[in-house]
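The values are calculated or read from the model by the stated rules, or taken from the named source; none is laboratory data. The structure presented is a predicted model; accordingly, all values stated were derived computationally and were not measured. Here Cβ is always computed from backbone atoms with ideal geometry, including for glycine, and neighbour counts include all displayed protein chains. Ligands, DNA and RNA are excluded from the accessible area calculation, which covers all protein heavy atoms including side chains. Shrake-Rupley method; radii C 1.70, N 1.55, O 1.52, S 1.80 Å.
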Amino acid sequence: MTSSNPIPVVVNGAAGKMGREVVKAVAQAPDMTLIGAIDRDPQHFGQDAGELAGCGVLEVPITNELESMLAFAGQQKELGVMVDFTHPKSVYDNVRSAIAYGIRPVVGTTGMSPEQIQDLAEFADKASTGCLIVPNFSIGMVLLQQAAVAASKYFDCVEIIELHHNQKADAPSGTAIQTAQMLAEMGKTYNPPQVEETEKLAGARGASADDGIRIHSIRLPGLIAHQEVIFGALGQVYTLRHDTTDRSCYMPGVLLAIRQVRPLKSLVYGLEKIL
């Protein structure tokens, strides 16, 4: 889909840390234009989204009227895109509203249940509207997951550790869950029991994900987003780790998703599907 007109973009969660990075990235992209900035924090209502993001005045005030902005996006010459970095409690309704208005959602918010994602997939199919749900927009994380899948052919024991800042609302992270799902798709059961385990404190062994894979979540100030996939075998340990040091690392993936979601006619899960 090619056009000389820029892609109209609405950023939902524009006052958050990720939202501000998206505002800045969209403002600097020559083929995009920011037409709306949504946030629920009343202290930012009316504030210029560009000034808040540190990229200068964009003349796009922050508002909490999502549906009005989606309707406005639907009136543009080009297919509009909504980028959502909000909260697990609101993301499902946000995405459903965007699809209803014919606006293509690019979703970075994690925490939706499999049932909610399936419902959105069915709704997107009926509307023939593209939707991208991406647990992690980092190219490095996609490469880590691919390396983990390759390693799983040779290792039967694996655990996942994910570490995030202490303002992250959901656990485990969507990225860790997706990684476990990708390993489970290899058609094998991991971590065959060697002893009868007893947890002296509930949750000490982490969450039990697909096919025997354990996920451990850490939440501390000073962290951004980090993940380890640790494989073990006789006489060796193979560790894959990805560290985020700045949220700008996600922006190439976000911009790619904005460009790629518009021709889609259904829901697609995972950045690796569009690379």
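A simple count of charges around HIS165, restricted to other residues whose Cβ falls under 12 Å of its Cβ and scoring Lys, Arg +1 and Asp, Glu -1, yields +3.
Per residue, the solvent-accessible area of the range 88-222 (1.4 Å probe, heavy atoms of protein chains only, all protein chains present) comes to 49 Å².
Applying Stokes-Einstein at 37 °C and 0.692 mPa s to the Kirkwood radius of the range 60-150, computed over alpha-carbon pairs, gives a translational diffusion coefficient of 230 µm² s⁻¹.
Against the chain, whose longest principal axis comes from its Cα atoms, helix 17-28 is set at around 50 degrees. Sort the range 1-81 into rounded, prolate or oblate with this rule: let a ≥ b ≥ c be the square roots of the eigenvalues of the Cα gyration tensor; rounded if a/c is under 1.5, and if a/c is not under 1.5, prolate when a/b is larger than b/c, oblate otherwise. Because a/c hits 1.5 or more and a/b fails to exceed b/c, the range 1-81 counts as oblate.
Reducing the range 174-244 and the range 44-115 to their Cα centroids gives an inter-centroid distance of 33 Å.
Ellipticity at 222 nm from helices only: DSSP H runs of n ≥ 4 in the chain, each -39500 (n - 2.57), divided by the residue count, give -9000 deg cm²/dmol.
Expressed as a whole percent, the proportion of Cα-Cα pairs in the chain lying more than 29 Å apart is 35%.
Taking θ as phi - 60° and the Karplus parameters 6.51, -1.76 and 1.60, the scalar couplings of the range 175-188 work out to 5, 5, 4, 4, 4, 4, 5, 5, 5, 5, 5, 6, x, 9 Hz in sequence order, x denoting glycine and proline.
With the biggest extent put first, the Cα atoms of the range 117-160 measure 42, 22, 15 Å across the principal axes. At q = 0.17, 0.25 Å⁻¹ the log10 of I(q)/I(0) for the range 192-275 amounts to -1.02, -1.30, computed by Debye summation with a single uniform scatterer per C-alpha, solvent ignored.
Element breakdown for the range 159-275 at a 1.4 angstrom probe: carbon and sulfur atoms account for 54% of the accessible area. Computed over neighbours whose Cβ is under 12 Å from that of VAL11, the net charge equals -1, Lys and Arg +1, Asp and Glu -1. Note on the range 78-194: dipole from Cβ charges, positive end direction compared against THR110, GLN146, SER90; the farthest Cα belongs to GLN146.
Rolling a 1.4 Å probe across the protein heavy atoms gives the range 1-77 an accessible surface of 51 Å² per residue. Leaving ligands, DNA and RNA out of it, report the carbon-plus-sulfur percent of the accessible area of the range 32-146 at a 1.4 Å probe. Reported share for carbon and sulfur atoms: 48 percent. For the range 189-206, 3J(HN,Hα) computed residue by residue from phi via the Karplus equation (6.51, -1.76, 1.60; θ = phi - 60°) reads 9, 9, 6, x, x, 9, 9, 7, 7, 10, 8, 6, 10, 4, x, 4, 9, x Hz, glycine and proline entered as x.
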